[in-house]
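Below is one structure, written out as structure tokens, with a few remarks after it.
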Amino acid sequence: MTKNNDIKMMTPTTIVLFIILVAGAVTAVYRMLFGLGAATNLNDLWPWGFWIGVDVLGGVAMAAGGFIIAGAVYILNWKKYKVIVRPAILNAFFGYLLAAVSIFLDIGRSFRIWHPMVMWQVSSIMFIVSIHVVLYTTTLATESSPMIFEKLGMKKALGFVNRIMAPVVLFGVLLSTLHQSSLGAVYLIIPTKLSPLWYSNKLPYMFLVSAVMMGLSMVSFETILSARVFKHKPHMEVLKGLARGTLIVICVYLALKVFDLISGAGISAVFNGSFTSNMWLLEMVAGVILPLVLLSMKSTRNRLNSIFVVNILVILGVLLNRLNVGIFGVAEYASMAGSDYFPSWMELIVTAAMIAFAVLGFKVCAKYLDLYPETQH
Amino acid sequence: MELNRRDFLKTVAGTGLALASQAIPAAAIMPREVPPEAVGILYDATLCIGCKSCMVNCKQYNSVPDGALYSKDMKNPPFELTTPEKIWDAPKDLSGRTVNIIKAYKTGTGENKDADVNGYSFLKQHCLHCISPACVSACPVGALKKDPVNGVVYYIEDRCIGCRYCQLACPFRIPRYEWDSASPQVRKCQLCRHRYQEGKYAACCEFCPTGASIFGKVVDLRKEAEKRLALQPGREYAFPVQTVNSKYKMPRAVSKYQKHVYGLTEAGGTQYLLLAGIPFELLGFNKNITDGVLPDLTWAYISKIPTVIAAVLIGGAATWAITHRNDKGE
Amino acid sequence: MAKRITIDPITRIEGHLRIDCEIEGGSVTNAWASGQMWRGIETILKGRDPREAWIFTQRFCGV
Amino acid sequence: MNDQKADTSQEPVSTLDRLREQGVSRRDFLKFCTGVAVALGLPLGMGEAIAEAVANQKRPPVLWLSAQECTGCTESLLRSNHPTFEKLILELISLEYHETLLAGCGKQAEDWRVKSMKENKGRYILVVDGSIPVKDNGIYCKIGGKTAQSLLEEMGAQAAAVIAIGSCASWGGIPSADPNPTGATSAHEVLKMKGITTPVVNIPGCPPNPYNFLSTVLHLLTFRKLPELDEQARPKFAYGRLIHENCERRPHFDSGRFAVQFGDEGHRKGYCLYKLGCKGPETFANCPSILYNDVGAGAWPVGTGHPCFGCTEKGVGFTVPLHYPARPKYITPPTFFTEAYPGKPEVAPGTKALAAGVAGAVIGAAGAAMLTGLGKKDDENKDKEE
């Protein structure tokens, strides 16, 4: 077992990440000064692009592990998973932070980001989403706060937070359920724009289920990865449990998807070789079918490396799903209207910087906070 | 832990039940019927000659305080070309500087007006002012509103955060964004609502030389549109110019219309009605557009939220109570 | 008996003029001038919008 | 209309010599011919060819038949005033018969007409101005006791070509306006009714631009055939484009600046006359490009502030009331308008590239993970990030 303090900060990877982060910050300032048109390739027919697709939709989906593990540990009282509850919540916190920063950069009038808090519009999904982001980020901060209080030795605060943890977690579960699904509901209003392969009145459920799938895989992925990086032994039982959970959710998700395909676009729509059908197939094969096949073999669930591979597949698949809904699913519509979109280098660098920020932030937290209490003691 | 388990359960369950019982009725959120005093525009593509008078005057009369294109310190209308001369303006599309545009459809030799073989037709594109606007329902801060009396969908700059959800939500590709601004606004036609007080109406209609665009109450416009569809092609008809009840009429032979008034049912109906001689999808109107009310699709989800809250809170609390029954004195 | 001379067409003028003369004893005793062309512009003008009347009236004669 | 009977030849009475006597230098003559070449849309070098053809031929005989006309066409022709133009037109062709210009009258005139027709049978050019009344056996226009209709049938059958000058002769013009009390008909129609196949050229206009007439005649002389004609038998060089396309007020139309009433501010400022009923958008003619009477810019109806009323266009002039708005014939210029809907079924290249990149990344990452991860035994000591 290594001590936290043994984590080296100045590795080459860290330096590269840091450089990306700085470049992203500079780009963000440029965007704030000169506007979206100067920094992005967005246009009137592509109002939302890479930032919304990857940073917001992807980031939030990746953060789903937080509420699942927290719920499992604090509500269901599955003590086995307590070892990963802190990294899972921290991961979620970073996911939401990124989403919040991305939204801040993506809305044209960033300093009015507080407007939805005071100008309520219950008919707007976007309003629901923004309220959720704010509330859930606060919730996640609360859920993560024990680490800080421990570090700072603030016993009283720690005790208070620990005492209210159960309701806070329950609140977090509620918010996440609503938030993950409402991100899907954002696209409910564009039945004529989004390809029928993705558009469905069940979009909220699909987003929720796929987020759970993603969350479980993400937690598992990150447990294995940090075990490797920080050189401690992962709990195989926990990973097996996560893998089982992933398998169940994948089955549900696949059933939903297939049902929706049959009742919506029709099976032939997937095999007509068009742009959207190829993207749909790739998403389903990489993110659903392959993981399902692999996970259904017991040998896979028992082997760390195999679980890791499945995790990567699921994460890629759900990310691709979010990109498909956010970008490629409306490509045919926008192209028909004569528009095109390829993210500018600034959009790409800001996205890269977001990821770098999350990785670095996680590393710093791992070094200075007690992220793996159960592992250490 | 011992202190608040009971209280917690009580509070949570109470909140949930209260929320579940207070679900907002679905229809209350968006109007379904066109308000009786609602105003709109009837655009008859068969009368349009492509002179772009409406575009020019739209810019001019909306570049004044409260106009759809106004911004502070404005000296000139927002021309598409930003050269210092500002002598020529030929917008290519709707944009943050143009909220009304004439486009053309041309096929083959383009010789015959309003024919879909070797023909051409014009199209006037601007906000359709939906009866149940998707953009209004989508805006998270209420920067887009529908006037309850005249039904105009208008924009409140002070509220807008620039999230562009309105652009995504609009089924007609109407709201446009000032991409080159550091504090961008959403721009769209607001039916010249700033001119009503002085007894004026939409500038595009006032300056249309042929009566291709006429302004009036939606009920009257619908009647007029249907009257035109019933006319025998080739027969002479005195088309009103400027407003639907205008005394100024322009007699003309009636063209062969597509037997449909675009905007009667599309997306739940709009206050901008269109007539054309060629199929509307050739003019860029989505053939597959739903007749349903778009905000309903979202509302179907939102209206379930209180139930979800109640279910999660009650269910979660109950689960917690069950799973933690042996943890006392932990 | 009087001699009758018909000059048709009369040239170097505008329009189709015909002159019929009766000559008796070397002098013209009776003569008729008749326009040989009629377009009915008055008929055409009947019931027309006054705003376009001038287009027709102006074209009685191009000289 | 390409197999022309038009045949003018022989007897090298030098036109040029005669012109010299009248004080027209070869240089002036060439200038004139070059001007004609330009009007015809021919290369400048063709001016010499025209001069050549004109100077070395016998003047072609021309008979001019006036029917229901106002002499405006003749007047307009007489006013085509290059310095010695009226002389030129009289010297270039041999005008055998023209009621308004003929010296003799009555029997003399008619006898000359008959004689000339006999002598020049199949070679002369028949110019017709004025419409031909066919109602009541054509009694509404008589010349020398014969109806215009019978005269046209007689003269047209023996002519090399018929040039119908003016709107009346071309398509009926003003006498044919509703209710057409005299059954006024175009020369072309009258000939067609009789089954006469002599080629007809229409030079509509009220009055027509003399240069369009002159150019047509010279084209005939130079090339021995008629110029290219449109479906209404109008020479394309003169009637190939809408007035709207070359109108000097077009920028006002394109920017929506219209005069609304005669004498209003817009009218005084020279705005577009569309709202006053200008028929430029549906009338084919070259008025805005060649103007009238060589007096400089603005010398045409729209230039002087009056809407075009569509005199060269059958179904527009004298038919559509002046104050009716015109219906543009087609979009001019087409590139000026944004496509209503691009409707491109292909996904745009940038988006496609993005999708390809993302797909590549997904396949690459998934493939790499599966290749390296699945076969391998669990190894706890791996320590590479990502």
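Bear in mind that the values in this text are calculations on the coordinates, not laboratory data. All values derive from a computational prediction rather than experimental measurement. Reconstructed Cβ throughout: ideal geometry from the backbone, glycine too, with neighbour counts over all protein chains shown.
Helix hunt in chain A: which complete DSSP H runs extend at least 20 Å axially by C-alpha with mean Kyte-Doolittle at least -1.0?
On the way: long enough: A:12-34 (33 Å, 1.94); A:82-106 (36 Å, 1.50); A:125-152 (39 Å, 1.11); A:155-185 (42 Å, 0.92); A:203-229 (37 Å, 1.41); A:236-263 (40 Å, 1.46); A:304-326 (33 Å, 1.74); A:345-368 (34 Å, 1.48).
Passing helices, by number: A:12-34, A:82-106, A:125-152, A:155-185, A:203-229, A:236-263, A:304-326, A:345-368.
Pick out, in residue order, every one of the chymotrypsin sites (Phe, Trp or Tyr not before Pro) in the stretch B:226-265 that is DSSP loop and has at most 13 other C-beta atoms within 10 Å; say none if there are none. Kindly include the intermediate steps, with their values, before the conclusion.
Numbers: sites: B:TYR237, B:TYR248, B:TYR257, B:TYR262; in loops: B:TYR248, B:TYR257.
Sparse-neighbourhood loop chymotrypsin sites (Phe, Trp or Tyr not before Pro): B:TYR248.
How large is ³J(HN,Hα) for each residue in the stretch D:314-323, as worked out from phi by the Karplus curve 6.51 cos²θ - 1.76 cosθ + 1.60 (θ = phi - 60°), to whole Hz, x for Gly and Pro?
4, x, 10, x, 6, 10, 7, x, 3, 8
If you keep only loop residues by DSSP, which chymotrypsin sites (Phe, Trp or Tyr not before Pro) in the stretch D:239-288 have at most 13 other Cβ atoms within 10 Å of their Cβ?
Numbers: sites: D:TYR239, D:PHE253, D:PHE258, D:PHE262, D:TYR271, D:TYR274, D:PHE284; in loops: D:PHE262, D:TYR271.
Answer in residue order: D:PHE262.
Run the quick spin-label model on A:THR138 and A:ILE164: label points 7 Å from Cα toward the beta carbon, then report their separation in nm to one decimal.
1.0 nm
Need the C-alpha centroid separation for the stretch A:119-155 versus the stretch B:195-265, integer Å.
Their Cα centres are 55 Å away from one another.
For a Förster distance of 45 Å, can you work out the FRET efficiency between the beta-carbons of D:GLU265 and D:LYS31, rounded to the nearest 0.05? Please list the in-between numbers first.
Details: r = 43 Å, r/R0 = 0.95.
E(calc), rounded to 0.05, equals 0.55.
Dipole of the stretch A:4-376 (Lys/Arg Cβ +1, Asp/Glu Cβ -1, origin at the Cα centre): which of A:ASN272, A:VAL56, A:ILE7 lies farthest to the positive side?
Farthest along the dipole direction, towards plus: A:ILE7.
From the backbone phi of the stretch B:138-153, what are the Karplus-calculated ³J(HN,Hα) couplings (6.51 cos²θ - 1.76 cosθ + 1.60, θ = phi - 60°) in whole Hz, Gly and Pro given as x?
Rounded to whole hertz, the list is 7, 4, x, 10, x, 7, 10, 9, 10, 5, x, 8, 8, x, 5, 8.
Quick one: Cα centre-to-centre distance for the stretch C:12-41 and the stretch D:269-302, in angstrom?
Distance between centres, Cα-based: 41 Å.
Report the label-to-label distance for A:PHE111 and A:ASN302 in nanometres (one decimal), using points 7 Å from each Cα along the Cα→Cβ vector.
Computed distance between label sites A:PHE111 and A:ASN302 equals 6.2 nm.
Percent of alpha carbon pairs in the protein assembly as shown separated by more than 41 Å? All intermediate terms of the calculation are to be shown ahead of the outcome.
Values: 386147 of 667590 pairs.
I get 58 percent for the Cα pairs in the protein assembly as shown exceeding 41 Å.
Quick one: work out Rg over Rh on the C-alpha atoms of the stretch A:4-376, Rh as Kirkwood radius. The partial results should precede the final answer.
Numbers: Rg = 20.4 Å, Rh = 21.3 Å.
Checking Rg against Rh, the ratio lands at 0.96.
Going down the list A:LYS202/B:LYS217; B:LYS92/D:LYS275; A:LYS193/B:LYS304; B:LYS145/D:LYS344; C:LYS46/D:LYS192; B:LYS59/B:LYS217, which pairs span over 28 Å between their C-alpha atoms? The partial results should precede the final answer.
On the way: A:LYS202/B:LYS217 39 Å; B:LYS92/D:LYS275 25 Å; A:LYS193/B:LYS304 24 Å; B:LYS145/D:LYS344 33 Å; C:LYS46/D:LYS192 31 Å; B:LYS59/B:LYS217 23 Å.
Over 28 Å Cα-Cα: A:LYS202/B:LYS217; B:LYS145/D:LYS344; C:LYS46/D:LYS192.
Mind checking which of D:PRO345, D:MET370, D:HIS244 is farthest towards the positive end of the stretch D:243-385's charge dipole, using Cβ charges of +1 (Lys, Arg) and -1 (Asp, Glu) about the Cα centre?
Farthest towards the positive pole: D:HIS244.
Taking trypsin sites (Lys or Arg not before Pro) that fall in a DSSP loop and have at most 13 other Cβ atoms within 10 Å as cut points, what is the longest piece of chain A between them? List each step's numbers first, then the result.
Working: sites that count: A:LYS3, A:LYS8.
In chain A, the maximal stretch lacking such sites is A:9-377.
Points 7 angstrom from Cα along the Cβ direction at A:LYS155 and B:LYS92: gap in nanometres?
7.1 nm
To the nearest Å, what is the center-to-center distance of the stretch A:323-340 and the stretch B:144-177, using C-alpha atoms only?
What the calculation gives is 21 Å, centre to centre.
Taking a cut-off of 35 Å, what percent of all Cα-Cα pairs in chain B are separated by more than that? List each step's numbers first, then the result.
Values: 18046 of 54285 pairs.
In whole percent, the share of Cα-Cα pairs in chain B beyond 35 Å is 33.
Counting only helical runs of four or more DSSP H residues, what would the 222 nm mean residue ellipticity of the protein assembly as shown come to if each run contributes -39,500 (n - 2.57) and the total is spread over all its residues? If you can, show how the numbers build up before the last one.
Values: 43 runs with 496 residues, N = 1156.
Calculated mean residue ellipticity at 222 nm is -13000 deg cm²/dmol.
Using a Förster radius of 56 Å, what is the FRET efficiency between B:LYS256 and A:VAL364 based on their Cβ-Cβ separation? Nearest 0.05, please.
Numbers: r = 72 Å, r/R0 = 1.29.
Efficiency, from the Cβ-Cβ distance: 0.20.
Within chain B, which is the longest segment that contains none of the trypsin sites (Lys or Arg not before Pro) sitting in a DSSP loop with at most 14 other Cβ atoms within 10 Å? Could you put the intermediate results ahead of the total?
Values: sites that count: B:ARG32, B:LYS72, B:LYS75, B:LYS86, B:LYS92, B:LYS200, B:ARG235, B:LYS247, B:LYS256, B:LYS259, B:LYS287, B:ARG325, B:LYS328.
Between the exposed loop sites, the longest stretch runs B:93-199.
Taking amide hydrogens as modeled 1.01 Å from N in the peptide plane, which residues meet the under 5 Å criterion relative to B:ALA90, leaving out close sequence neighbours?
Long-range HN contacts for B:ALA90: B:GLU80, B:LEU81.
Taking Cα atoms, how many degrees apart are the long axis of helix D:26-39 and the longest axis of chain D, rounded to 10 and kept between 0 and 90?
Computed tilt is about 50 degrees.
Of the residues A:ASP55, A:ASP106, A:ASP340, which exhibits the maximal mean-square fluctuation in a Gaussian network model of chain A defined by a 10 Å Cα contact cut-off?
Top of the fluctuation ranking is A:ASP340.
What trypsin sites (Lys or Arg not before Pro) in the stretch D:234-343 are in a loop by DSSP, with at most 14 other Cβ atoms within 10 Å of the Cβ? Walk me through the numbers before you get to the answer.
Details: sites: D:LYS236, D:ARG241, D:ARG249, D:ARG257, D:ARG268, D:LYS269, D:LYS275, D:LYS279, D:LYS314, D:LYS329; in loops: D:ARG241, D:ARG249, D:ARG257, D:LYS269, D:LYS279, D:LYS314, D:LYS329.
Counting only loop positions with at most 14 other Cβ atoms within 10 Å, the trypsin sites (Lys or Arg not before Pro) in the stretch D:234-343 are D:LYS269.
So if R0 is 56 Å, what FRET efficiency would A:ARG244 and B:ILE156 give, r being the distance between their Cβ atoms, rounded to the nearest 0.05?
On the way: r = 52 Å, r/R0 = 0.93.
Efficiency at R0 = 56 Å is approximately 0.60.
Express the C-alpha Rg of the stretch A:143-220 as a ratio against the empirical globular expectation 2.2 N^0.38 Å, rounded to two decimals.
On the way: Rg = 18.1 Å, N = 78, 2.2 N^0.38 = 11.5 Å.
Output field value: 1.57.
Assuming 0.36 nm per residue, please report the length gained on full extension of the stretch B:THR265 to B:SER303 beyond their Cα-Cα distance. Walk me through the numbers on the way to the answer.
On the way: separation 38, 0.36 × 38 = 13.68 nm, distance 2.46 nm.
Here the answer is 11.2 nm.
Using the Cα centre of the stretch D:58-239 as the reference point, and only Cβ charges (+1 on K/R, -1 on D/E), how large is the resulting charge dipole? Debye, rounded to the nearest 20.
Roughly 560 debye for the stretch D:58-239.
Largest first and to the nearest Å, give the Cα extent of chain D along each principal axis.
127, 49, 44
Quick one: what does P(r) look like for chain C with 5 Å bins over all Cα pairs, in whole %?
The percentages, shortest bin first, are 4, 15, 18, 15, 13, 11, 9, 7, 5, 3, 1.
Quick one: pull the percentage of alpha-carbon pairs in the stretch B:97-217 with a separation above 20 Å.
Numbers: 3775 of 7260 pairs.
In whole percent, the long-distance tail amounts to 52.
D:LEU95's amide H: which non-local residues (gap 5+, or another chain) put their own amide H closer than 5 Å, with H modeled 1.01 Å from N in plane and none for Pro or chain starts?
The list, which skips near neighbours in sequence, is D:VAL62.
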